[in-house]
Amino acid sequence: MSVKFLVPEIDKKRWAAEFKKRIRSRKLKSTDLNNIGAETNYEQKINKYKNGAIPSIDIFLTFCRFFNLPPDSFLFAKPKWVECDIDFGDTGISLKRWLGWLGDVFYVIPFNENKNEDKKSRGGVSTYKVTLFDKEPSSSKFSTFHLSGTEYDLKESVKGGKIIYRFPHVNNERTSKKIFSLLKKYKLSNKQIQALLGLSRQSLTNRKREIQSWTTQDIYKLSWVLNMPFESLIVIDYREETREALFDPIVFLRECLRDAYR
């Protein structure tokens with residue numbers, strides 16, 4: 001059968017606005033962010049992110065850790081319907097994700113089965129009722145949908161008067177194995193994933209062979225297709241470094257709250 005999944009592109013304009021907003025709220029400059037992750041030409045890259053460029057997963061997760069935000073709340077979706085052929089009787093995709101159908105095309109959206117029905121997040125469509133549409137439903141109704149990601153550990157660890165940072169680093173080998181294991185579990189073929197993620201056959205093969213890393217956009221799309229939080233799709237190793245306490249996200253949070261109540 002023909003199925004259209006709700007799959008988002010990252011709204012780069014809104015990402016840039018949110019990124020700049022977070023920096024302004026901490027009264028930071030681009031040069032200050034060199035203290036949360038060393039990288040060649042890092043300041044130039046920060047300025048590119050301010051203009052809408054999407055960071056690699058490592059750098060993006062570093063920002064999430066720094067600003068104490070789940071990945072899915074730091075990104076903004078531009079959802080669209082992406083079509084592929086699939087046999088629901090032979091997949092692990094929950095029927096509760098069926099939104100409805102139009103002609104011989106079925107529509108599938110993410111759905112948090114651990115929460116009560118949220119009609120607003122589903123565009124006012126009942127959770128358990130599959131609707132017969134007379135026209136294609138608007139994908140924009142679901143632009144605010146997201147699953148919560150990691151709630152970061154708020155404990156501080158100090159050494160020599162400095163904060164010990166745990167910088168995230170994606171383990172590409174284990175991440176690739178995890179993703180393809182999940183695709184096998186849900187019985188999604190390479191051809192279907194190519195269509196849903198907008199990848200060429202060679203690009204997907206390169207990711208499988210770990211020649212090419214998964215991108216932030218790839219993982220964001222997969223999180224909607226598989227109905228899983230962003231960080232649950234990747235395997236993260238951490239490296240520890242000590243930095244001045246000023247740049248700890250919890251210290252920043254306290255400073256912001258203190259300023260708000262002065």
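The values are calculated or read from the model by the stated rules, or taken from the named source; none is laboratory data. Fair warning: this is a prediction, and the values are worked out from it, not measured in the lab. When we count neighbours, we look across all protein chains shown, and the Cβ atoms used for this are built from the backbone with ideal geometry, even at glycine. Remember, those area values only see protein heavy atoms, side chains included, never the ligands or the DNA or RNA. Shrake-Rupley method; radii C 1.70, N 1.55, O 1.52, S 1.80 Å.
Consider Gln202 against the criteria (1) surrounded by fewer than 15 Cβ atoms within 10 Å (Cβ to Cβ); (2) modelled with pLDDT under 90: it satisfies all of them except one. Which criterion is unmet?
If we test Gln202 against (1) surrounded by fewer than 15 Cβ atoms within 10 Å (Cβ to Cβ); (2) modelled with pLDDT under 90, just (2) comes out false.
Pull out all pairs, ordered by first then second residue, where Cβ-Cβ is under 8 Å, the residues are six or more apart or on different chains, the first lies in the stretch 17-30 and is within 14 Å of Leu69 (Cα to Cα) and modelled with pLDDT of 85 or more, and the second is among the polar types (S, T, N, Q) and surrounded by 14 or more Cβ atoms within 10 Å (Cβ to Cβ).
Ile23/Ser30
Please name all residue pairs, on different chains or six or more residues apart, with Cβ atoms under 8 Å, provided the first residue is in the stretch 58-84 and is within 30 Å of Ser2 (Cβ to Cβ) and the second residue is acidic (Asp, Glu) and assigned to a helix (DSSP H, G or I).
Phe76/Glu18
Consider Leu33 against the criteria (1) open to solvent by less than 30 Å² (accessible area, probe 1.4 Å); (2) under 18 Å from the mean Cα position of the chain (by Cα); (3) modelled with pLDDT under 90: it satisfies all of them except one. Which criterion is unmet?
(2)
Determine whether Ser213 is at pLDDT 85 or above, within 30 Å of Asp32 (Cβ to Cβ) and of a type in the set (Gly, Ala, Ser). Show your work before the answer.
Values: at pLDDT 85 or above: yes; within 30 Å of Asp32 (Cβ to Cβ): yes; of a type in the set (Gly, Ala, Ser): yes.
In short, yes.
Tally the residues that are open to solvent by 40 Å² or more (accessible area, probe 1.4 Å), closer than 30 Å to Ser138 by Cβ and touching a strand residue (DSSP E or B) at 6+ places or on another chain (Cβ under 7 Å), restricting the search to the stretch 39-75.
Within the stretch 39-75, residues that are open to solvent by 40 Å² or more (accessible area, probe 1.4 Å), closer than 30 Å to Ser138 by Cβ and touching a strand residue (DSSP E or B) at 6+ places or on another chain (Cβ under 7 Å) number 1.
Give the stretch 124-183 a look and list any residue that's among the charged types (D, E, K, R), part of a loop (DSSP other than H, G, I, E, B) and at pLDDT 90 or above, or say none.
Asp134, Lys135, Glu136
Can you name every residue in the stretch 99-123 that is open to solvent by 50 Å² or more (accessible area, probe 1.4 Å), modelled with pLDDT of 75 or more and part of a loop (DSSP other than H, G, I, E, B)?
Listed by number, the residues that qualify are Gly103, Asp104.
Answer yes if at least one residue in the stretch 229-248 is open to solvent by less than 70 Å² (accessible area, probe 1.4 Å), at pLDDT below 55 and of a type in the set (D, E, K, R), and no otherwise.
Just the residues of the stretch 229-248 that are open to solvent by less than 70 Å² (accessible area, probe 1.4 Å), to begin with: 229-237, 241-243, 245, 247-248.
Checking which are at pLDDT below 55 leaves us with 245, 247-248.
In the following step, the residues that additionally are of a type in the set (D, E, K, R) were identified as 248.
Yes, the stretch 229-248 contains a residue that is open to solvent by less than 70 Å² (accessible area, probe 1.4 Å), at pLDDT below 55 and of a type in the set (D, E, K, R).
Collect the residues in the stretch 70-98 that are modelled with pLDDT under 90, aliphatic (A, V, I, L, M) and not in a loop (DSSP other than H, G, I, E, B), keeping them in residue-number order.
Correct list: Leu95 only.
Taking the residues in the stretch 213-222 that are within 13 Å of Ile179 (Cβ to Cβ) and among the polar types (S, T, N, Q) as candidates, determine which candidate is surrounded by the most Cβ atoms within 10 Å (Cβ to Cβ).
Out of the qualifying residues, it is Thr215.
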